[in-house]
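The values are calculated or read from the model by the stated rules, or taken from the named source; none is laboratory data. Bear in mind the structure is a predicted one, so any value in this text is a computation, not a measurement. Using ideal geometry, Cβ is built from the backbone for each residue, glycine included, and neighbour counts are taken over all protein chains shown. Ligands, DNA and RNA are excluded from the accessible area calculation, which covers all protein heavy atoms including side chains. Shrake-Rupley method; radii C 1.70, N 1.55, O 1.52, S 1.80 Å.
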Amino acid sequence: MKTIVPKHIKNFLPYLSSRKIGLSGKIFLNANESPYYKIFTQTYHTLNRYPEFQDSKLLQKYSKYSRVSEEQILITRGSDEAIDLLIRTFCNSRKDLVMYFPPTYDMYKICAQILNVKTIRIPSIKNFQLNLTEIFKNLQSVKLIYICNPNNPTGTLINSLDLIYILKNISIFCLVVIDEAYIEFSIENSSVKLLSKYSNLVILRTLSKAFGLAGIRCGFILSSVNVIKFLKKVLAPYPIPSPVSSIAKIALKKENYKKIQKNILKILKNRDFLVSKILKLSFIQKIYHSQTNFVLIKFTESQKVFKYLLENGIVVRDQSHKNFLNNCLRISIGTFEECSELITILYKMLKME
Ligand SMILES: *Cc1c(COP(=O)(O)O)cnc(C)c1O
């Protein structure tokens, strides 16, 4: 088999989720999922038929929720598919480049590598902000730039003036993709309002995080009518299973969306509670300010903490191998009880030091 696999597939490092690694535990604070769930039930009558290419009622509902017109929305299998679809649609593998800003979400680079498209990385500067000077010096042949806002795994918001500066000064032949997977935790900072002004702006959304629906794999691309038109040419003919659209529509109903908003507030409260309780622990060097449902924490020895938490049934995400994130762990915010247990275990560890 080895001989028939192309070199660019043989040589790259695949995405490693904790699920894939197979870590076991009882409290999962590793994948930024919502700890709150609601069982949305629905009976299906028409599973013998293929679904609509794009469920028109779901488009209507997401349009109302996002205040973006239906022609400017594309439903995808999670935003991970959106990241891949954009590169497949717009990049020529011999010519075009994908730009990204580490430390950030790994899938921008991984999708480009799988599609044999070259990438250019511009490391972020102080406070995990964008290095505008370097960005503009290196735009030659760049077709897509991926900005994660708020950023995963740092939890940081990108300065809105920097985003506007980029959109104002970049060629309209370069797409600026803002990944808003966590924007519901800081919704006033969404770039949706800029869509009417910049036809090369693309916004990625998902139901996987704040909506508590990681299991259904449903995401949305918001952009100009033209960008959506080309993406539609490349997207599979029946991409979204009907049970998925059904559940997504129920989640976007007013009464359910209200519950989701309450859960968002609960998560933010849990986050602030957790941070206030562990801020002063001697083996914590820094807790980065977060605008999301996770916190990035720098420890004196992160491997020891990671192992100790795992032994106590708590799975978090190790980020210490990444640039600038030496000794850092990323911890998703769970329920109040889960946060309390995490606090107890960290204090227990302190006593053993
Ligand atoms: C979780 C995450 C995604 C993937 O979301 P899905 O919709 O579940 O595919 C995309 N971008 C970022 C930054 C994420 O953290």
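Quick look at the values:
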item	result
Carbon/sulfur fraction of accessible area - the chain, other protein chains in place, 1.4 Å, %	54 percent
Pairs beyond 20 Å (Cα-Cα), from Lys20/Lys307; Lys26/Lys269; Lys193/Lys269; Lys266/Lys322	Lys26/Lys269; Lys193/Lys269; Lys266/Lys322
Whole-number percent relative contact order across the stretch 1-147, with pairs defined as alpha carbons under 8 Å at least 6 apart	22 percent
Relative contact order of the chain, pairs being alpha-carbon contacts under 8 Å that are 6 or more residues apart, as %	23 percent
Förster radius 51 Å - calculated FRET efficiency between Leu23 and Ile172 (Cβ-Cβ, nearest 0.05)	0.70
Against the rule of thumb 2.2 N^0.38 Å, how large the Cα Rg of the stretch 167-298 comes out	1.29
Under Karplus coefficients 6.51, -1.76 and 1.60, residue-wise ³J(HN,Hα) of the stretch 122-130 in Hz, glycine/proline x	10, x, 6, 9, 2, 6, 6, 9, 6
Restricting the stretch 165-223 to trypsin sites (Lys or Arg not before Pro) in coil, as DSSP defines it, with at most 14 other Cβ within 10 Å	Lys197
Whole-percent pair-distance distribution, where bins are 5 Å wide, for the alpha carbons of the stretch 94-220	2, 10, 21, 24, 22, 14, 6, 1, 0
About the Cα centre, charge dipole magnitude for the chain (Lys/Arg +1, Asp/Glu -1 at Cβ), debye	280 debye
Accessible surface, the chain, averaged per residue in Å² (probe 1.4 Å)	50 Å²
Largest-first principal axis extents, alpha carbons of the chain, Å	59, 53, 50
Estimated inter-spin distance, Lys280 and Tyr257, nm [label 7 Å along Cα→Cβ]	4.3 nm
Relative contact order [Cα under 8 Å, 6+ residues apart], the stretch 133-213, whole percent	30 percent
